[in-house]
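Beneath this line is the structure, given in structure tokens, with notes to follow.
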Amino acid sequence: MGEVSTVLFRPTGLDSRGAIISAGVFVTANHMAMKKLIRELTMAEVRSNLKYAATHEWIEVKDGVATVGITDYAQEALGDVVFVEPPELGQQFAVGDEIAVIESVKAASDIYSPVTGTVITVNEALESDPELVNSAPFDAGWIFKLQMSDPATPVNLLSVEQYAELCEAEEH
Amino acid sequence: MTRKTSLHSLHLLAGAKMVDFGGWDMPIHYGSQLQEHNTVRQSVGMFDVSHMMVLDISGPEAEAFLRYSLANDVGLLRDSGKAMYSAMLNEAGGIIDDVIVYANRPDFIMVVNCSRRAVDLAWLAQLVAGFDCQIKERADLSIIALQGPKALQTFNAAATEQQSRAVAALKSYQGCYSEDWYLARTGYTGERGLEIILPHQAAVELWQRLLKLQVSAIGLGARDTLRLEAGMNLWGNEMDESITPLEANMSRTVVWDDHEFVGRAALIEQADQGIDRQLIGIIMQVKGVLRAHYPVYEESNCVGEITSGAFSPTLQRGIGMARILPSSGPLSVEIRGKKVPVDQVKLPFVRNGRGVYSLV
């Protein structure tokens, strides 16, 4: 689903369990410096070929069909996803409607429809593997597709730069 | 001022997500709470639980004091080091805290919840007047819990020969001193394992040795889902000062005979009159997640609410505990405005890595 063109974070310093590799060298660093380092290392990925909603959904528009998921930043904030309640096929939604629910180990979160349209597909793989939302939020973890009522890309969505700024602002 | 355990900087180095927990800056997870949960069920994991308070209860009347202070009867602890779970009650029978006591006669160790530290200390100080007994907070000690089917062999790989021998001699729910460490076959996960009470510097060294052995650190998030699967109560969720042990599925931990204890009269009166609310286990019939405070229904009547709820990684379903009026009909839980049927189960949900619950 497109290339990674902007990577704010590359986890070369983390092992598979999320531990910092060769952490010993940081032992004497003060806590503030360490916290800052960890925050920088764990910044989220964003992609320039996508549009974003301020509520942390991403949207890819192709031939009048919008594919929707949640961003890497959002899945990181939610923690492990354990259940996705998808919308019903054929149902219509307007911009901003509650359309789906993601249940993580932490909380239940509403997903809002970023465009107006009709549900034509939901990602059935999430029924047995909801953790795809965590492991591949921009790819195999997509949630649903909408046939857009107006095929023009909506103007209220954020560009990758605007969305990255929003995430940065929410961190502080 | 947020308090930090001796292992705090090691949690930061591991990239843990930290949260405030009862005034302590503690790791909620180190990347994936689900993975941590499954690691404990399938292999072994280590927990920093140094935020819990360790008390030395000593003196000639230590036993008499604890028999008066606790609803369970430490007089029944025969073997040295044997552990006991008990509620500590107020006069009305409400639960001030739930504690673990280890008998090392004439002295005892008591471990209490961090969130109840100040309340417990004030309460115990008031009760202890009149007993020839001293209570000492051991702020010089950390606690590491090592839990999972491989916990004991993992400990042996990290321990001295003397410590390994000490652990090998322990039965389940028993502890012993090994020099200045206290080693106990107890835990809060429903798995085999150890809780190790030891000086701060030793805790840092043990944690680092276990890291070298590839033992995963487990955060408080997984600790909560593990204890819920194990059917164990959490103070503040299943218990508080207005809830008695009879209303918290803890009747088995109350010993009525042969010892007078604070709250006994109130409990006897309640038992005579019959309890009007009970704590039960519930499980969803379809996929989903139960959460604390969701209302529980019998037909169209709201009969109570969920006290703790989660997605069970072991059972792959929503599970919870709920406090409800005595009811016999089929139950449902309201999730986002929709009533979803649930089954009542006999706790625990999970023991030693496997689902063991039966439908009621």
Open item on the list: Looking at the stretch B:317-340 only, could you name the residues that are in a strand (DSSP E or B) and small (Gly, Ala, Ser)?
Closed with: B:318, B:320, B:322, B:332
- [ ] Could you tell me whether the stretch B:292-308 includes any residue that is free of Cβ contacts under 8 Å to residues at least 60 places away in the same chain, surrounded by 18 or more Cβ atoms within 10 Å (Cβ to Cβ) and part of a loop (DSSP other than H, G, I, E, B)?
- [x] yes
TODO: Keeping to the stretch B:91-144, report how many residues are out of contact with any Gly (no Cβ under 8 Å at 6 or more places or on another chain) and of a type in the set (Phe, Trp, Tyr).
DONE: 2
Open item on the list: Can you tell me which condition residue B:116 does not meet? The list is (1) within 14 Å of the chain's Cα centre (by Cα); (2) in a strand (DSSP E or B); (3) surrounded by fewer than 23 Cβ atoms within 10 Å (Cβ to Cβ), and all the others hold.
Closed with: (2)
Open item on the list: Please go through the stretch B:31-51 and give me each residue that is under 16 Å from the mean Cα position of the chain (by Cα) and of a type in the set (Ser, Thr, Tyr), ordered by number.
Closed with: B:50
TODO: Check the stretch B:341-350 and report whether any residue there is more than 27 Å from residue B:251 (Cα to Cα), within 13 Å of chain A (Cβ to nearest Cβ) and either in a strand (DSSP E or B) or over 18 Å from the mean Cα position of the chain (by Cα) (or both).
DONE: no
Open item on the list: Tell me yes or no: at least one residue of the stretch B:257-276 is in contact with a strand residue (DSSP E or B) (Cβ under 9 Å, 6 or more places away or on another chain) and open to solvent by 80 Å² or more (accessible area, probe 1.4 Å).
Closed with: no
Task: residue B:10, sole failed condition from (1) under 26 Å from residue A:81 (Cβ atoms); (2) more than 19 Å from the chain's Cα centre (by Cα) - done: (1)
- [ ] Take the residues in the stretch B:12-44 that are open to solvent by less than 20 Å² (accessible area, probe 1.4 Å) and within 24 Å of residue B:116 (Cα to Cα), then tell me which one is farthest from the other protein chains (Cβ to nearest Cβ).
- [x] B:26
Open item on the list: If I ask for residues that are open to solvent by 10 Å² or more (accessible area, probe 1.4 Å), more than 30 Å from residue B:228 (Cβ to Cβ) and assigned to a strand (DSSP E or B), which ones from the stretch B:157-211 would you list?
Closed with: B:177, B:199
Task: Members of the stretch B:252-291 found to be in a helix (DSSP H, G or I) and more than 22 Å from the chain's Cα centre (by Cα), listed by number - done: B:264, B:265, B:266, B:267, B:268, B:269, B:270, B:271, B:272, B:273
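The values are calculated or read from the model by the stated rules, or taken from the named source; none is laboratory data. For clarity, every value in this text was computed on a predicted model and none was experimentally measured. Neighbour counts are summed over all protein chains in view; Cβ atoms, including those assigned to glycine, are modelled from backbone coordinates with ideal geometry. Only protein heavy atoms, including side chains, enter the accessible area calculation; ligands, DNA and RNA are left aside. Shrake-Rupley method; radii C 1.70, N 1.55, O 1.52, S 1.80 Å.
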